[in-house]
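*Asks:* The structure is given below, and queries will be raised subsequently.
The values are calculated or read from the model by the stated rules, or taken from the named source; none is laboratory data. From a predicted model like this one, the values you see are computed outputs, not experimental measurements. With ideal geometry, Cβ positions are generated from the backbone for all residues, glycine too; neighbour counts draw on all protein chains shown. Each accessible area value is taken on the protein alone, full model and side chains, heavy atoms only, with ligands, DNA and RNA left out. Shrake-Rupley method; radii C 1.70, N 1.55, O 1.52, S 1.80 Å.
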Amino acid sequence: MSPVLSSVTDELRFLFDGARNVAVLTGAGISAESGVPTFRGGDTEMWTWRGRPITELSSAELIATDPKLVWEWVDYRRGLLATLQPNPGHHALAEWEHRFDAFTLITQNIDDLHRAAGSLNVLELHGNIWRARCLRCASTFDARESPIVENPPRCFACGGPARPDVVLFGELLPEGVFERAEQAAAHADLFFVIGTSAVVYPAAGLPIIAKQRGAKLIEVNPEMTDISFMADMTVLGKAGEVLPRFLEERG
Ligand code: BV8
Ligand code: ZN
């Protein structure tokens with residue numbers, strides 16, 4: 001049975017119907033059909049802004065040296081996201097949450113679209129673009145105005161300067177969130193990898209943990225990726241078209 005599929009086969013549906021403990025890792029690709037630009041275009045060139053690659057713009061170094069520029073970059077992305085809505089891929093995963101004994105949705109995305117689609121148990125590995133964190137008292141708070149009124153925005157609790165509550169390159173992931181994702185990966189009998197190039201760590205290590213612990217690894221992506229070699233099945237297609245197929249009535 002070739003592991004590369006062009007649609008959801010009965011064998012894959014059988015796996016889905018029989019699963020009890022499911023975990024899903026998503027990346028920018030699941031939001032592509034909502035209009036959110038992914039980080040790597042088809043030819044894997046890194047997205048740049050004002051001539052600088054995102055790994056530089058979204059970096060611990062830059063927030064230490066030029067926090068205003070990081071806010072301008074993040075606010076530019078907030079402007080892109082402000083009007084965008086979840087797509088059938090997000091909605092399918094919100095449905096899946098009620099289908100299994102245990103279900104964990106792990107995302108690298110900071111766009112809040114999983115929550116907007118109704119997903120409840122979402123582990124945001126890299127934070128959320130609509131939240132800010134105070135550099136003085138560490139309070140986190142919703143910061144939804146776009147464009148931001150003041151740069152940097154001020155903490156509503158102590159008035160201190162705030163930063164975007166997202167994980168930048170070179171920064172550790174939020175306390176406990178990755179550990180919970182690791183647990184979900186380690187206990188899953190079915191682990192889906194959807195819309196990610198799987199190059200950013202430690203997130204890209206989760207499918208490896210799941211596979212090592214005996215899970216069936218299912219990838220959904222219009223292209224092969226760095227983890228396709230270890231996937232039990234790769235469905236070559238768009239998340240918004242493929243994921244709803246799992247919910248369709250059986251013949
Ligand atoms: C850390 C938030 C400890 C901010 C993000 C060398 C080797 C290994 C690791 C490293 C290394 N050097 C440095 C590192 C560590 C680094 C890392 O992994 N770098 C990479 C580039 C090699 N990781 C870190 O820094 C992490 N922290 O390690 O801390 C530490 C501490 C100190 C010093 C060292 C280590 C923090 C990483 C988190 C950074 N923040 N985002 C922001 O968004 O601005 S990462 C960001 O980029 C996203 O969150 C995501 O994780 C990543 C982008 O990847 P994808 O989401 O997969 O998107 P991409 O465009 O690449 O792919 C889209 C896919 O979708 C494609 O495959 C495409 O085919 C597919 N697709 C397209 N359309 C569709 C589709 N799929 C389905 N349907 C469609 N319609
Ligand atoms: Zn504060």
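*Asks:* Which one of these does LEU217 not meet: (1) more than 26 Å from ALA132 (Cα to Cα); (2) open to solvent by less than 50 Å² (accessible area, probe 1.4 Å); (3) part of a helix (DSSP H, G or I)?
*Replies:* (3)
*Asks:* Also: Working carefully through the options ARG144, ARG136, ARG99, ARG131, find the one that is farther than 18 Å from GLN183 by Cβ, out of contact with any helix residue (DSSP H, G or I) (no Cβ under 6 Å at 6 or more places or on another chain), within 16 Å of ligand 2 (Cβ to nearest atom) and part of a loop (DSSP other than H, G, I, E, B). Full working, then the answer.
*Replies:* Working: ARG144 fails: within 16 Å of ligand 2 (Cβ to nearest atom); ARG99 fails: within 16 Å of ligand 2 (Cβ to nearest atom); ARG131 fails: part of a loop (DSSP other than H, G, I, E, B).
Within the list ARG144, ARG136, ARG99, ARG131, the selection yields ARG136.
*Asks:* Something else: Could you run through segment 163-211 and say how many residues are within 16 Å of ligand 1 (Cβ to nearest atom) and farther than 28 Å from MET224 by Cβ?
*Replies:* Step one: list which residues in segment 163-211 are within 16 Å of ligand 1 (Cβ to nearest atom), which gives 163-179, 181-182, 185, 191-209.
After this cut, where a residue has to be farther than 28 Å from MET224 by Cβ as well, the list is 163-166, 168, 170-172, 174-177, 179.
Matching residues across segment 163-211 total 13.
*Asks:* So which residues in segment 147-171 are modelled with pLDDT of 95 or more, away from ligand 2 (no atom under 16 Å from the Cβ) and touching a helix residue (DSSP H, G or I) at 6+ places or on another chain (Cβ under 8 Å)?
*Replies:* Hits for segment 147-171 are ASN151, VAL166, LEU168, PHE169, GLY170, GLU171.
*Asks:* All but one of (1) buried (at least 17 other Cβ atoms within 10 Å of the Cβ); (2) among the hydroxyl-bearing types (Ser, Thr, Tyr); (3) within 30 Å of LEU69 (Cα to Cα) hold for THR104, so report the exception by its number.
*Replies:* (3)
*Asks:* For GLY170, state whether it is surrounded by fewer than 17 Cβ atoms within 10 Å (Cβ to Cβ), touching a Lys or Arg at 6+ places or on another chain (Cβ under 9 Å) and over 22 Å from PRO88 (Cβ atoms). Lay out the reasoning, then the answer.
*Replies:* Details: surrounded by fewer than 17 Cβ atoms within 10 Å (Cβ to Cβ): yes; touching a Lys or Arg at 6+ places or on another chain (Cβ under 9 Å): no; over 22 Å from PRO88 (Cβ atoms): yes.
No.
*Asks:* Here is a list: VAL193, VAL199, VAL166, VAL177. Which entry is more than 30 Å from MET233 (Cβ to Cβ), β-branched (Val, Ile, Thr) and within 23 Å of the chain's Cα centre (by Cα)?
*Replies:* Working: VAL193 fails: more than 30 Å from MET233 (Cβ to Cβ); VAL199 fails: more than 30 Å from MET233 (Cβ to Cβ); VAL177 fails: more than 30 Å from MET233 (Cβ to Cβ).
After applying the criteria, what remains is VAL166.
*Asks:* Sort through ARG163, ARG136 and tell me the only one that's of a type in the set (Lys, Arg), loosely packed, with under 14 Cβ neighbours inside 10 Å and touching a residue at least 24 places away in the same chain (Cβ under 8 Å).
*Replies:* Working: ARG163 fails: loosely packed, with under 14 Cβ neighbours inside 10 Å.
None of the other options fit; the residue is ARG136.
*Asks:* For GLU179, work out the one condition from (1) open to solvent by less than 40 Å² (accessible area, probe 1.4 Å); (2) part of a helix (DSSP H, G or I); (3) of a type in the set (Asp, Glu) it doesn't fulfil.
*Replies:* Unmet for GLU179, out of (1) open to solvent by less than 40 Å² (accessible area, probe 1.4 Å); (2) part of a helix (DSSP H, G or I); (3) of a type in the set (Asp, Glu): (1).
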